[in-house]
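Visitor: Below is one structure. I have some questions about it.
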Amino acid sequence: MNGTVIRRASELPDGPLSVWAEPVAGPTAVLVCPPDAFDVIDVKNPHMAGSLGAVDRALAREQWGRLVEAFQRIGLPARRVAPLPGCEDMVFAANQTLTGVDAEGRPTVLLSRMRHPSRRREVPAFEAWFREHAWRVVDALPEGELLEGAGDVVWHPGRHLAWAGHGFRSSAAAHAVVAATFGALVLSLALCDERFYHLGTCLCPLDERAALVVCEAFDAAGLELLGAVFDEIVPCDPEEAAAALAANAVVLPGRGAVIDERAPRTIDVLSRYVDDVVTVDTGEFLKSGGSVFCLKQWLFGTTGMAAPV
Ligand code: ARG
């Protein structure tokens, strides 16, 4: 099954996840990019409408610094990519690449093709970081296919299995490239609500068996697939999901979680799954349609661990 894409519950292998999906180690660190050039200058997603020119850069810098501390506190040391002048969205480090391990366990990175030409300049800067740190770098998206990295691909906790979204920023055909690059099974979901334009804004696994899901964001086939793989679907409060991107949290099963402080009902939910829920203010970044999960890239293994932030 590895290397294939599944779009419907009826195509799933028989039996529980634990028999058909390989166990895999989780991330060991995160890669971040300081918000030196951060701004809202156009409307790439509905959250940005009304926030043109409204970013407080000094406040953004402060919020970003606290976020990096929060990652560290739950056991995710941060490495950084140098920001490029004029790349106002580069702080959203989840999008330029997709990181993971391949079937042999090698840290592997698949380069994105961003939907907006203004964001395409960000990708080579991330590519250079991964090459310098000896990752296996894959540049394999066919002409015309789009993929916005971990913005639209969420790894299943503890299993070599990827959930991938398409519709607004990534194309469905790109999911086959994810499956081939990582030798993983990919479970493909159509995204239906523009407020939840990336999968990372509407799906947040809580552990191997439970997930926080913004149900409004998916179609019937997607909800059926989610329900067939996870034993428990916890619906995310729709208001918190839209206004605070509550499902854009980082959850490390058994370790901790980081989430924006504007989502009290979701914070309660997370506290039932992990002991240490760290809350942060990502208010300046919410103006651009991003929060905790979008502001970092996962790092795996020990590759690239030499140079601290
Ligand atoms: N303004 C950015 C964009 O629309 C925000 C990206 C947030 N990242 C995310 N993974 N949702 O491209």
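The values are calculated or read from the model by the stated rules, or taken from the named source; none is laboratory data. Keep in mind it's a predicted model, so treat the numbers as computed, not measured. All Cβ positions, glycine included, derive from the backbone under ideal geometry; neighbour counts span all protein chains shown. The protein model used for the area step is the full one, side chains on, heavy atoms only, and it has no ligands, DNA or RNA in it. Shrake-Rupley method; radii C 1.70, N 1.55, O 1.52, S 1.80 Å.
Visitor: Bin width 10 Å, alpha-carbon pairs only: give the P(r) of segment 74-208 as whole percents, running from 0 to the bin holding the largest distance.
Guide: Calculated over all Cα pairs of segment 74-208, the distribution is 12, 44, 37, 7 percent.
Visitor: Hey, any idea what Rg/Rh is for segment 89-129, computing Rh the Kirkwood way over Cα pairs?
Guide: On the way: Rg = 11.1 Å, Rh = 10.9 Å.
Here Rg/Rh amounts to 1.02.
Visitor: How far is the Cα center of segment 236-309 from the Cα center of segment 1-46, in Å?
Guide: Going from one Cα centre to the other spans 15 Å.
Visitor: Considering only DSSP beta bridges with both partners in the chain, what is the antiparallel share in %, to the nearest 5? Present the calculation step by step, with values, prior to reporting the outcome.
Guide: On the way: 20 of 43 bridges.
Of those bridges, close to 45 percent are antiparallel.
Visitor: Springs between alpha-carbon atoms under 10 Å, Gaussian network over the chain: tell me which of Asp139, Asp102, Asp14 tops the mean-square fluctuations.
Guide: Between Asp139, Asp102, Asp14, it is Asp14 that shows the largest mean-square fluctuation.
Visitor: With a sphere of radius 15 Å drawn around the Cβ of Arg265, what net charge do the other residues whose Cβ falls strictly inside it have (Lys, Arg +1; Asp, Glu -1)?
Guide: Its environment carries a net charge of -4.
Visitor: Additional query: Ignoring ligands, DNA and RNA, what accessible area per residue does the chain give at 1.4 Å, in Å²? Could the numbers behind the result be given before it?
Guide: Numbers: 11540 Å² over 309 residues.
Here the residues of the chain average 37 Å² of exposed surface.
Visitor: Follow-up. Over the Cα atoms, compute the radius of gyration (one decimal) and Dmax (the largest Cα-Cα distance, rounded to a whole number) for segment 203-309, in Å.
Guide: In order Rg, Dmax, the Cα atoms of segment 203-309 give 14.5, 45 Å.
Visitor: Continuing with this model, one more query. Of the peptides 43-50, 288-295, 196-203, how do they stack up when ordered by the mean number of other Cβ atoms within 10 Å, highest first? Walk me through the numbers before you get to the answer.
Guide: On the way: 43-50: 15.6, 288-295: 26.8, 196-203: 28.5.
Peptide ranking by packing, descending: 196-203, 288-295, 43-50.
Visitor: As a check on your grasp of the helix formula, calculate [θ] at 222 nm for the chain: sum -39500 (n - 2.57) over DSSP H runs of n ≥ 4, divide by the residue count, round to the nearest 500. Numbers along the way, then the final one.
Guide: Values: 8 runs with 69 residues, N = 309.
Value at 222 nm, helices only, nearest 500: -6000 deg cm²/dmol.
Visitor: Okay, moving on. I want to verify the translational diffusion coefficient of segment 68-139 in µm²/s; compute it with Stokes-Einstein, Rh as the Kirkwood radius over Cα pairs, at 10 °C and 1.306 mPa s.
Guide: Working: Rh = 13.3 Å.
Using the Kirkwood radius from Cα pairs, D works out to 119 µm²/s.
Visitor: Quote the Stokes-Einstein diffusion coefficient, in whole µm² s⁻¹, for the chain, based on the Kirkwood radius over alpha carbon pairs, a temperature of 20 °C and a viscosity of 1.002 mPa s. Don't skip to the end; give the middle numbers.
Guide: Working: Rh = 19.0 Å.
Approximately 113 µm²/s, per Stokes-Einstein.
Visitor: Further question: How are the Cα pair distances of segment 1-141 distributed, in percent, across 5 Å bins from 0?
Guide: 2, 8, 14, 17, 17, 15, 12, 9, 5, 2, 0
Visitor: Follow-up question, since we're still on this one. Where is the GNM fluctuation largest for the chain (alpha-carbon springs, 10 angstrom cutoff): Val68, Val177, Val24?
Guide: Val24
Visitor: Sort 243-251, 79-87 by packing, meaning the average of other beta carbons within 10 Å per residue, with the highest value first.
Guide: 243-251, 79-87
Visitor: Let me ask another. How large, in percent, is the carbon and sulfur part of the accessible surface of the chain at a probe radius of 1.4 Å?
Guide: Details: 5880 of 11540 Å².
Within the chain, the accessible surface is 51 percent carbon and sulfur.
Visitor: Rounded to the nearest angstrom and ordered from largest down, what semi-axes does the equivalent ellipsoid of segment 142-239 get from its C-alpha gyration tensor (root of 5λ)? Each step should come with its number before you reach the end.
Guide: Numbers: eigenvalues 83, 54, 21 Å².
Working through the eigenvalues yields semi-axes of 20, 16, 10 Å.
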